[in-house]
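K.L.:
Okay, here's the structure, questions in a sec.
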Amino acid sequence: MTGYGKAELQLPTKKVTIEVKSLNSKNLDLNVRVPSYYREKELSFRKNIASKLIRGKVDFSIFVESLGEKVSSQLNKEVITTYINQLKEVSNASELELLKMAIRLPDTIQSVRESLDENEWSQIENSINEAIENLLIYRKDEGAVLKQDFVKRISIIRERLEDVIAIDPQRIENVKIRLQKAISDLEVKVDENRFEQELIYYLEKLDITEEKVRLKNHLDYFIEELNSETSNGKKLGFISQEIGREINTIGSKANFADMQKLVVQMKDELEKIKEQNLNVL
């Protein structure tokens, strides 16, 4: 969701610069800074931004630089004339001195509030769309980089899963040997049939066949959604949680140092995926 877009518009008496910045956020958090005479259009461009950016902490700004001779205040000639006529009645000062006195009195200068020009706003609206489009291009470029990173890390998890599958028979054999050694060290006579039944029951508790199958399916599903044309950041987050659940279960059942090392490596890659996934729309 991180992005930046900018557009500039040259008008006869002003230069208008539009900037849109976006950071990660679960929802749309839109902050707007625009000149007061554009405020009546705020609802319109807020809807426009929300429909196109969807999510993110968004800062939207319109900056106006005056280039012409247009001023924001002007002399109130009628008030000044009235003041001068009144001053003549009480003073013999020259016209220049009377003017200097009058100009210091209240209401001789009035502010001119700039009104919105619809034709001007139409051009600004086009520039707003241009800035938003530039931000979306930025997002897409970043998304392409993230996609490559996701594919790489999912591939690493898949490789570690294959390593887990490869050493699983060794793990089971190792468990059998340790249990048999423990019984031998007790130096007690045991019923071989009963021991075999208990061993099978124990090994069933450590079996990770279902977890391996489900983890492989989740990895495939993640890549499938990653290649989808629709916005799917939240769905990728849910799939990541399922991947983590299967990895954790394998780790809890491993009971074998070599396999636990592989589980730690898978967890490390998954955490990096989850962190980056926060930036996916």
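Only the coordinates and a few stated rules stand behind these numbers; no lab work does. Since we're looking at a predicted model, the values are computed, not measured. Backbone-built Cβ (ideal geometry, glycine too); neighbour counts: all protein chains shown.
K.L.:
Just grab the label-to-label distance for Asp29 and Phe63, each label 7 Å out from Cα along the Cβ direction, in nm (one decimal).
P.N.:
2.4
K.L.:
For the chain, what does -39500 (n - 2.57) per DSSP helix run (n ≥ 4), summed and divided by total residues, give at 222 nm, in deg cm²/dmol to the nearest 500?
P.N.:
-22000 deg cm²/dmol
K.L.:
Give me the one-decimal nm value for the distance between modelled label points at Thr17 and Glu225, 7 Å along each residue's Cα-to-Cβ direction.
P.N.:
Between Thr17 and Glu225, the label points sit 4.1 nm apart.
K.L.:
Let me ask another. Over the chain, calculate the relative contact order: mean separation of alpha carbon pairs under 8 Å at least 6 apart, over the residue count, as a percent.
P.N.:
This gives 20 percent for the chain.
K.L.:
Out of Gln260, Gln148, Gln74, any idea which swings most in a Gaussian network model of the chain, alpha carbons joined below 10 Å?
P.N.:
Taking springs between Cα atoms under 10 Å, the residue moving most is Gln74.
K.L.:
How about the range 76-141: which trypsin sites (Lys or Arg not before Pro) there lie in a loop by DSSP and see at most 11 other Cβ atoms within 10 Å?
P.N.:
Here the trypsin sites (Lys or Arg not before Pro) that fit, given the DSSP loop and packing criteria, are Arg104, Arg113.
K.L.:
Antiparallel versus total DSSP beta bridges in the chain: what percent is that, nearest 5?
P.N.:
80
K.L.:
Indicate the gyration tensor shape class of the range 1-132 (rounded, prolate or oblate), computed on the Cα atoms with a ≥ b ≥ c the square roots of the eigenvalues: a/c under 1.5 is rounded; otherwise a/b larger than b/c is prolate and the rest oblate.
P.N.:
It comes out prolate by the Cα gyration axes.
K.L.:
Then there's this: Springs between alpha-carbon atoms under 10 Å, Gaussian network over the chain: tell me which of Tyr37, Tyr138, Tyr83 tops the mean-square fluctuations.
P.N.:
Its mean-square fluctuation being the largest, the pick is Tyr83.
K.L.:
Using the 10 angstrom Cβ neighbour count as an exposure proxy, how do Ser228, Ser25 rank, fewest first?
P.N.:
Final ranking by Cβ density, sparse to dense: Ser228, Ser25.
K.L.:
When a footprinting reagent is the concern and you count Cβ atoms within 10 Å, what order do Lys235, Lys261 take, fewest first? Can you show the working numbers first?
P.N.:
Details: Lys235 16, Lys261 13.
Ascending Cβ contact count within 10 Å gives the list Lys261, Lys235.
K.L.:
Springs between alpha-carbon atoms under 10 Å, Gaussian network over the chain: tell me which of Glu173, Glu89, Glu269 tops the mean-square fluctuations.
P.N.:
In this elastic network of the chain, the residue with the biggest mean-square fluctuation among Glu173, Glu89, Glu269 is Glu89.
K.L.:
Let me ask something additional. On C-alpha positions alone, give me the angle between the axis of helix 118-186 and the longest principal axis of the chain, in degrees, nearest 10.
P.N.:
Orientation of helix 118-186: about 20 degrees from the principal axis.
K.L.:
Within straight cross-link reach of Lys140, meaning Cα distance under 26 Å, which lysines are found once same-chain residues fewer than 8 apart are removed?
P.N.:
Those lysines meeting the cut-off are Lys6, Lys21, Lys26, Lys47, Lys52, Lys57, Lys152, Lys234, Lys235, Lys272, Lys274.
K.L.:
So if I place +1 on the C-beta of Lys and Arg and -1 on the C-beta of Asp and Glu, and nothing else carries charge, what would the dipole magnitude of the chain be about its Cα centre? I want it in debye, nearest 20. Intermediate values should be presented prior to the final figure.
P.N.:
Numbers: 44 positive and 49 negative charges, 80 e Å.
Taking the Cα centre of the chain as origin, the dipole is about 380 debye.
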